[in-house]
Every structure is written in structure tokens, then in C-alpha cells.
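Visitor: Dropping the structure in here first, questions after.
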Amino acid sequence: MTESVIIVGGGPVGATLALTLQHKGIAATMLEARAKGAAYQDQRALALSYGSRAILEELGVWAKLDAQATAINTIHISQRGSFGRSLLKAQDHDLPALGYVLSYGALTKALDDALANFKAVNVIYKAEATHIEPSAEVATVMFNHDSILQRLSSSLLVLADGGRSLGDIPGILRDTKMYGHDALVTKVKCELPHGNIAYERFTPMGPVALLPNGEEFSLVWTGKQAEVAEVMALDDAEFLSQLHQHFGDRVGRFLGVGKRLTFPLKLSYLNPVTAPHLVVIGNAAQTMHPVAGQGFNVGLRDAYELAQQIASIMPEAWGQDAMMRAYQQGRKTDTKRGLMFTDFLVNLFSNDIVGVSGLRGMSLGMLDLLKPVKSRLVRKMSFGSRG
Ligand SMILES: Cc1cc2nc3c(=O)[nH]c(=O)nc-3n(C[C@H](O)[C@H](O)[C@H](O)COP(=O)(O)OP(=O)(O)OC[C@H]3O[C@@H](n4cnc5c(N)ncnc54)[C@H](O)[C@@H]3O)c2cc1C
């Protein structure tokens with residue numbers, strides 16, 4: 001029997017892994033709990049780095065997404081109550097764009113469509129994994145499909161379920177730090193055109209970001225849970241007025257707001273996985289505060305790098321210690337830097353301690369003067385540890 005990789009979770013990260021394997025002619029089975037198309041209306045705005053675009057281009061899906069993606073040509077970073085500000089511009093770093101904003105639904109659909117064109121990957125929708133059991137020879141997943149409990153085993157099982165569904169699996173230990181903050185996400189209409197500028201503003205309440213998305217902006221407004229709950233409870237007119245007060249005048253008045261959603265912010269990562277034949281990728285492996293737009297991009301690189309590794313060895317070596325160690329070693333630096341960079345920004349910019357505010361304003365002003373520092377920051381945000 002030909003060996004087939006099992007992927008649990010067909011979100012953007014799992015589907016990217018499946019598609020990369022497909023391009024390499026490697027057989028895989030992907031189990032996705034949702035029905036096909038259930039996520040296509042998901043308006044969640046993902047911030048894609050330039051490096052993530054390159055991966056999607058190589059997989060042939062970017063051509064379908066290009067028209068739906070909004071380029072970020074400039075990132076404007078500022079701090080409430082301070083004159084310090086910094087501008088990162090794509091043209092200063094010889095990049096066509098610093099990144100792109102794309103809806104979760106559009107990306108999921110493009111990946112699903114591409115997967116449907118080939119036969120190497122078998123996608124089973126409405127297949128919910130209920131239990132994963134690693135053992136010395138294989139890893140086994142139990143899943144419900146058509147109300148029947150089924151099982152599949154492989155010498156390589158990849159968990160890409162976003163980290164929300166499966167609890168304790170022997171050999172997987174997770175460290176989680178809850179920030180006690182929530183993110184409120186929605187779309188807003190503004191008086192002034194966005195001009196492909198993304199705004200990141202640090203306030204004592206927490207960072208607030210406006211990402212150009214189509215003709216509008218996607219808003220990420222973070223703060224302590226109680227504070228965000230208060231903002232969430234406002235009617236639209238009051239919400240828009242408070243946002244104006246919070247964000248300032250850079251995009252004029254706020255004219256309209258879409259459906260608002262909140263989610264808790266946390267930093268979560270895995271200790272080195274010791275479960276045999278099991279690899280964890282994407283949000284299931286690490287979850288970051290959205291302040292630096294790193295999380296999703298690190299996850300996409302997990303998928304891409306894992307596929308390269310699988311393709312570089314014989315199926316007999318899949319899931320063996322040497323492969324597991326090589327994968328974890330290869331991803332360590334990128335993941336760690338993403339987590340540290342994000343946590344550093346949250347800690348530096350999300351508090352009111354006297355004196356820290358002046359330091360922040362100063363560092364933003366200095367960042368604007370120091371071209372090499374800015375270049376490193378842009379390369380890091382664009383390409384991860386390869387930058
Ligand atoms: C509410 C919310 C809002 C967010 N907003 C933003 C944002 O504005 N900007 C941003 O950059 N990032 C945002 N993020 C983070 C971003 O969504 C993730 O970085 C990205 O989705 C990670 O992709 P993934 O494929 O690893 O996980 P997911 O996108 O979570 O995909 C996991 C997939 O696995 C499937 N699955 C789960 N359990 C099982 C199971 N037991 N069996 C089979 N399949 C299963 C799910 O149905 C899903 O399709 C947000 C996250 C959340 C939760």
C-alpha cells in the first residue's frame with residue numbers, strides 16, 4: 001500500500017500543506033470538520049507577508065487571489081499621546097508591497113479549488129477527529145464521518161486543527177499565557193481613502209490596527225476584556241465616535257461599521273513534541289497576539305517547510321525520530337522569533353507605566369531615523385527567519 005500523510009484540519013495551514021504535497025505528487029488524506037464552503041463567507045482579515053504571497057504564488061493560487069487582496073505599501077506606526085511615529089515603506093526596501101490583506105474565506109476557497117483539481121490528496125469534509133493516538137509504529141486518528149466512527153493510521157500524522165479541538169495528546173505539552181485582553185475585529189468605512197496604508201497605533205488600552213481591505217479598513221481594536229466588552233456594547237454611532245477619539249484623525253471620520261466580533265488574545269506554544277509520528281503546525285502549534293501580523297505567516301511557513309522535508313526523504317523515514325528532530329530544529333528559530341517579537345511589542349506598547357511611554361515615543365522616532373533597523377524589521381516581517 002502507498003503511504004499517505006494524514007492531515008487533521010483543512011484551514012489555510014492544513015490546506016497549504018496538502019497542496020504543497022500535491023504539487024510534489026505525495027499522497028495525503030485531509031480531514032476537515034466543516035462542510036465544504038462553510039468558511040467561504042468568513043470575513044476575518046488575514047495579514048499576509050510578502051513571503052507568504054511568494055509561497056501562494058509557487059502553489060499557483062495567488063493568481064486567483066490577486067484581485068481580492070489589498071496591498072499594504074506603507075505601515076504607519078504611532079503612539080497615542082506622543083509625537084514619535086515611524087513609517088515603513090515598500091519602496092524603501094525594494095519590495096512591491098510590504099504585505100497584503102486577504103479575507104480568510106477567499107483564501108480558503110482558492111486553496112479548496114486548487115485541491116479539487118488533483119487526485120493525490122483525498123479531502124474528506126464533515127470529518128471531525130475525536131481522538132489521536134501516537135504509537136511507536138504509526139499515529140492513529142479516530143474521526144466521525146456520516147455518523148460513523150472511523151480510523152486511519154499513518155507513519156506521519158499532521159495536526160493543523162487551529163489548536164481548539166483536540167485536548168490532551170500524549171507527548172504534546174502546551175504553554176499558554178492569556179493576556180487578559182480581547183481583540184475586537186470588524187470592517188469600518190472612513191472619510192479618507194486608505195491609500196494602501198496600514199496603521200498600527202499603540203495606546204494605553206492596547207494596540208489598535210487599521211488594515212486596508214478593499215475600499216474599507218479592517219479594524220483590530222485590542223484592550224482589557226472589560227474595556228473591549230464596553231466598546232462592543234455601544235451602538236454603531238457611539239462606537240464610531242469612540243473609535244475616532246481612540247484612533248485620532250489620520251483617516252478622517254469613521255462613517256460605517258460592519259459586524260463586530262471579539263476573541264481572547266493569548267500567546268501559546270508547544271514544548272518540543274515527543275509524540276512519535278505526529279507533527280503539529282499552524283495555530284495548533286503557536287498562537288500569537290495579532291499586533292505584528294506574524295501568527296498566520298509563521299503557520300504558512302510551517303506547512304511549506306514541512307512539505308519540503310517530507311519530499312526530501314523516503315516514506316520509510318516519515319515520522320521517524322530523525323525527521324521529527326530535523327523539522328522541529330528547522331522551525332525553531334522562526335517560531336521563537338515570531339513569538340518573542342510579538343510578545344515584546346505587546347509588553348512594550350500595552351501598558352501605562354510612567355516613563356515607558358516616553359521611551360516608546362523615542363524608540364518610534366529613532367526607528368524612523370535608523371534605516372538598517374527598519375530594513376531588518378521589514379525583512380523579518382516579510383520572510384520570517386529566512387529574511
Ligand atoms: C476569531 C478569530 C479571529 C481572528 N482574526 C484574525 C485577524 O483579524 N487577523 C489575523 O491575521 N489572524 C486572525 N486570527 C488568527 C488566524 O485566524 C490564524 O492565524 C489562522 O486561521 C491559522 O490557520 P490554521 O489553518 O492553523 O487554523 P484554523 O484557521 O483555525 O483552521 C483549523 C481548521 O481545522 C478544522 N478543525 C478543527 N478541529 C478539527 C477536528 N477535530 N477535526 C477535523 N478538522 C478540525 C477547522 O474546522 C478549521 O478548518 C483570528 C483567529 C480567530 C480564532
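Visitor: How much of the DSSP bridge set in the chain is antiparallel, in percent, rounded to the nearest 5?
Guide: Working: 59 of 79 bridges.
Here the antiparallel bridges make up roughly 75 percent for the chain.
Visitor: If the reach is capped at under 30 angstrom between alpha carbons, list the lysines near K177, excluding any in the same chain fewer than eight residues apart.
Guide: K187, K224, K259, K266, K332, K336, K374, K380
Visitor: Between D113 and D235, what length comes free when the chain is fully extended (0.36 nm per residue of separation minus the Cα-Cα distance, one decimal in nm)?
Guide: Numbers: separation 122, 0.36 × 122 = 43.92 nm, distance 3.88 nm.
Contour length minus the Cα-Cα distance gives 40.0 nm.
Visitor: Output the direction-averaged projected area (hull surface divided by four) of the convex hull of the alpha-carbon atoms of the chain, in nm².
Guide: Values: hull surface 76.0 nm².
Answer in nm², one decimal: 19.0.
Visitor: Right, next: If the cut-off is 23 Å between C-alpha atoms, which lysines fall inside it for K119, apart from same-chain ones fewer than 8 positions away?
Guide: Straight-line reach from K119, under 23 Å: K24, K36, K64, K109.
Visitor: Next up: Counting other Cβ atoms within 10 Å, which trypsin sites (Lys or Arg not before Pro) in the range 255-331 have at most 13 and lie in a DSSP loop?
Guide: Working: sites: K259, R260, K266, R301, R325, R331; in loops: K259, R260.
Filter output for the range 255-331: K259.
Visitor: Let me check I've understood the local charge: for G9, count other residues with C-beta under 11 angstrom from its C-beta, Lys and Arg +1, Asp and Glu -1. What total comes out?
Guide: On the way: positive: R34, R164; negative: E32, E128, D161.
Here the charged neighbours net out to -1.
Visitor: In the chain, which longest range has no chymotrypsin sites (Phe, Trp or Tyr not before Pro) that are both DSSP loop (not H, G, I, E or B) and surrounded by at most 15 other Cβ atoms within 10 Å?
Guide: 119-387
Visitor: Quick check: Cα centre of the range 111-162 to Cα centre of the range 35-107, how many Å?
Guide: One Cα centre to the other: 30 Å.
Visitor: Still on this model: Can you put R151, R85, R201 in order of Cβ neighbours within 10 angstrom, beginning with the fewest? Before the final figure, lay out the partial values.
Guide: Working: R151 10, R85 16, R201 20.
Sorted ascending by nearby Cβ count, the order is R151, R85, R201.
Visitor: Using all alpha carbons of the range 179-265, what is the percent of pairwise distances in each 5 Å bin, ordered from the shortest bin to the longest?
Guide: Bin by bin from 0 Å, the calculated values are 3, 15, 29, 28, 17, 6, 1.
Visitor: While we're on this one: Sort I281, I132 so the one with the fewest other Cβ atoms within 10 Å of its own Cβ comes first.
Guide: Working: I281 28, I132 22.
Ordered from fewest to most neighbouring Cβ atoms within 10 Å, I281, I132 come out as I132, I281.
Visitor: Express the relative contact order of the range 99-198 as a whole percentage, based on alpha carbon pairs under 8 Å and six or more residues apart in sequence.
Guide: Dividing the mean separation by the residue count of the range 99-198 yields 15 percent.
Visitor: Another question about this same structure. Just to confirm the filter: which GluC sites (Glu not before Pro) across the range 114-215 are DSSP coil and have at most 16 other Cβ within 10 angstrom of their Cβ?
Guide: Sites meeting the loop and neighbour criteria: E137, E191, E215.
Only the coordinates and a few stated rules stand behind these numbers; no lab work does. Here the structure is a predicted model, which is why all the values come from computation and not from measurement. Counting neighbours? That spans all protein chains shown, and the Cβs are built from the backbone with ideal geometry, glycine included.
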